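Below is one structure; the comments refer to it alone.
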Amino acid sequence: MHFSVRSRRSGRFFAGLLCSLSFLLWTFGHLTAATASPYKTGHGNPSGLYRIDPDHSSVVFAVGHAGVGTVIGRFDTIRGHYRLDPGNVDVKIDILSKSVDTNHAKRDKDLRGPDFLDSKTFPHIRFVATTYKKTGKMSGVLTGKLTIRGKTRTVSLHVREVGAADVSALPKPWGGYLTGYDAEGVIHRKDFGITTYPSMIGDTVHLYIDVEGVRVQK
């Protein structure tokens, strides 16, 4: 199991950044000059049911390595929906466990294997919300059930509303009335039966979730 952070990581990061910029240029390529106004955050009404846009959403994790560093990874396939209306919370996120990506092919193969995520037996990682408690005008704590490797635990995520606005200028399937949220939390891998290499891999896993959604129901 290789969990080393290679010196080429920065080069790969910038290569990935260039790919992301190319995608953004392609996405916005059809926008007219009239839409090229200065960037600003939308402050519309975020109520309603939203379908998660997988192209503009991400699940990132960070875990300690060998007591001296941190390894960053992500899951490339995320689906689901969310509603964070007062008294009407409906959040379901489905992640394909085999889509784990730490920018290292051998490590990713190990993570998909039986010692870690066991993707063949447990292809899905799921989060289903139970409550959402507002802590501010645009923040709150989302609590729900997270299932990994068939084990379900209660997890709380600190959520921040990024913005809400009608962005019909974007082409389908991205355009429409959109909202976005950032969330972060902490889990312990041993709680989900993942205890391989306890002296080399940290037990605490930091989660960073960013979702953007298209409203499908008010």
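The values are calculated or read from the model by the stated rules, or taken from the named source; none is laboratory data. Computed from a predicted model, the values in this text were never measured in an experiment. All Cβ positions, even for glycine, are placed from backbone atoms using ideal geometry, and neighbour counts span all protein chains on display. Heads up: the accessible areas ignore ligands, DNA and RNA and are worked out on the full protein's heavy atoms, side chains in. Shrake-Rupley method; radii C 1.70, N 1.55, O 1.52, S 1.80 Å.
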Per residue, how much accessible area does the stretch 90-146 have with a 1.4 Å probe, in Å²?
54
Using per-residue counts of other Cβ atoms within 10 Å, averaged over each peptide, order 107-114, 83-90 from highest down.
107-114, 83-90
Out of residues 5 or more away from G48 or on other chains, whose amide H comes under 5 Å of its own, with H placed 1.01 Å from N in the peptide plane?
L84, D85
So what are the stretch 44-107's ellipsoid semi-axes, whole angstrom, largest first, if each one is the square root of 5 times an eigenvalue of the alpha-carbon gyration tensor?
31, 14, 9
Grab the other residues whose beta carbon is less than 14 angstrom from that of H188, score K and R as +1, D and E as -1, and report the net.
+3
Report, to two decimal places, the Cα Rg of the stretch 98-218 normalised by 2.2 N^0.38 Å (N = number of residues).
1.27
Got a number for carbon plus sulfur as a percent of the stretch 171-218's accessible area, 1.4 Å probe?
56
Of the peptides 58-66, 38-46, how do they stack up when ordered by the mean number of other Cβ atoms within 10 Å, highest first?
58-66, 38-46
Apportionment of accessible area to carbon and sulfur, the stretch 34-129, percent (1.4 Å):
55
In nm, what is the difference between 0.36 nm times the number of residues separating D182 and V60 and their Cα-Cα distance?
42.8 nm
Compute the length gained on full extension between K109 and A169: take 0.36 nm times their separation in residues and subtract their Cα-Cα distance, giving the result in nm to one decimal.
17.6 nm
Taking 0.36 nm per residue of separation between R74 and K120 and subtracting their Cα-Cα distance, the length gained on full extension comes to 14.7 nm
